[in-house]
1. Only residues that are modelled with pLDDT of 95 or more, of a type in the set (A, V, I, L, M, F, W, C) and surrounded by 15 or more Cβ atoms within 10 Å (Cβ to Cβ): list them for the stretch 23-43, please.
2. Answer yes or no: is there a residue in the stretch 150-161 that is in contact with a strand residue (DSSP E or B) (Cβ under 6 Å, 6 or more places away or on another chain), assigned to a loop (DSSP other than H, G, I, E, B), at pLDDT 95 or above and surrounded by fewer than 17 Cβ atoms within 10 Å (Cβ to Cβ).
3. Under the condition of being without any contact (Cβ under 8 Å) to a residue 24 or more places away in the chain and either more than 22 Å from the chain's Cα centre (by Cα) or not in a strand (DSSP E or B) (or both), which residue from the stretch 100-121 is farthest from Tyr226 (Cα to Cα)?
4. Between a first residue in the stretch 230-249 that is under 9 Å from Val144 (Cα atoms) and a second residue that is crowded, with 24+ Cβ neighbours inside 10 Å and charged (D, E, K, R), which pairs have beta carbons less than 8 Å apart while being 6 or more apart in sequence or on different chains?
5. Taking the stretch 226-258, which residues are open to solvent by 10 Å² or more (accessible area, probe 1.4 Å), within 16 Å of the chain's Cα centre (by Cα) and within 22 Å of Phe115 (Cβ to Cβ)?
6. Please work out which residue is nearest to Phe44 (Cα to Cα), limiting yourself to the stretch 162-200 and to residues that are open to solvent by 70 Å² or more (accessible area, probe 1.4 Å) and in a helix (DSSP H, G or I).
7. Within the stretch 47-72, track down each residue that is under 14 Å from Ser228 (Cα atoms) and either open to solvent by 80 Å² or more (accessible area, probe 1.4 Å) or of a type in the set (Val, Ile, Thr) (or both).
8. What do you reckon, is Glu81 at pLDDT 95 or above, surrounded by fewer than 17 Cβ atoms within 10 Å (Cβ to Cβ) and not aliphatic (A, V, I, L, M)?
Amino acid sequence: MSATRLILSVALALGLGASAVAAADRPDPVADAKAFQDYFVKKFPKVAFDDFVNGPYSMNADMRRQWEEKEQFPPYEFALEAGKEMFAKPFKNGKTYADCFPNGGIGIRQNYPYFDDKEGKVITLELALNRCREANGEAPYSYVKDEMASLTAYMAFTSRGKRFDIKIPDDPRALGAYEKGKEYFYTRRGQLNFSCASCHVQSPGERIRAEILAPALGILNAMPIYRSEWSGMGTISRRIVTCNSQTRAVPLEPQSDEYRNLEYYLSYVSNGLPVSGPGARP
């Protein structure tokens, strides 16, 4: 089955209606985002729109109580403090991360990822941070380890409450990147034959083993996250790679075009929701 037909069939199965089907057949990100958000609002009428960023805690009262208690002494606090120190520490050449970003890197998380018209590709916050390091003579960090998680945790924290505002410029390459991200999201892969949508669109609120699946809407707004099963922090890259592994698919390299396009799609359809990261999950 082609990716377009797959997206059409998923849209019909989810009852997203004719507008969503049309959006799947004819690229229309605005219609996509509206149908995507309307689906979750209809599926979970008791969940306040902004609360979708809290994932399973917005759907399970017991988990929410435990989470609210945990937030008094959040497990990601160590990463937040480390990230703040790392962000302010000068590179060997005397410059800092603030020199690489608009507004000194403070309060800008909601604008990432973005499409770079010169390069013709999606630029994520994680990629931008490593490019900043390399431009200043520093070695890049692993996309799945603590250093990157700490840096993005601090930058997310400075944007808490700001609403995602991801742009798709009037450029066919940008629309193409968005469409490829959408295609990746709905394409089944791996020995389990799961797509991202299998868990996070069709089954949010349900359990897979001991875990309650989070809705795709707002799932990146809480990143990076501390996960109890990891006993540590995880970047967006780590989360995506882990999901691929859990479906018994072969993970791609972190920050590959496919993963950055996926992040672009998921971020765009969550426009209007606030940044809540860093977060914590079981």
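1. Ala31, Ala33, Ala35, Phe36, Phe40
2. At the first step, the residues of the stretch 150-161 found to be in contact with a strand residue (DSSP E or B) (Cβ under 6 Å, 6 or more places away or on another chain) are 161.
Of the ones still in play, those that are also assigned to a loop (DSSP other than H, G, I, E, B) are 161.
Among the residues that remain, those that are also at pLDDT 95 or above are: 161.
Remaining after also requiring surrounded by fewer than 17 Cβ atoms within 10 Å (Cβ to Cβ): 161.
The answer is yes; a qualifying residue exists.
3. Let us first name the residues in the stretch 100-121 that are without any contact (Cβ under 8 Å) to a residue 24 or more places away in the chain, namely 102-104, 116, 118-119.
Now narrow it down to the ones that are either more than 22 Å from the chain's Cα centre (by Cα) or not in a strand (DSSP E or B) (or both): 102-104, 118-119.
Numbers: Pro102: 27, Asn103: 27, Gly104: 26, Lys118: 35, Glu119: 33 Å.
Per the criteria, the residue is Lys118.
4. Qualifying pairs under 8 Å: Thr235/Glu126; Ile236/Glu126; Ile236/Glu263; Ser237/Glu126.
5. Across the stretch 226-258, the qualifying residues are Ile236, Arg239, Ile240, Pro254, Gln255, Ser256, Asp257, Glu258.
6. Ranking the candidates gives Glu183 first.
7. Scanning the stretch 47-72 gives a single hit, Gln66.
8. Values: at pLDDT 95 or above: yes; surrounded by fewer than 17 Cβ atoms within 10 Å (Cβ to Cβ): yes; not aliphatic (A, V, I, L, M): yes.
Yes; evaluated as a whole, the condition is true for this residue.
The values are calculated or read from the model by the stated rules, or taken from the named source; none is laboratory data. This structure is a prediction, so every number in the text was calculated from the model and none was measured. Here the Cβ is made from the backbone with ideal geometry for all residues, glycine too, and neighbour counts use every protein chain on show. These area figures cover heavy atoms from the full protein model, side chains too; ligands, DNA and RNA do not enter into them. Shrake-Rupley method; radii C 1.70, N 1.55, O 1.52, S 1.80 Å.
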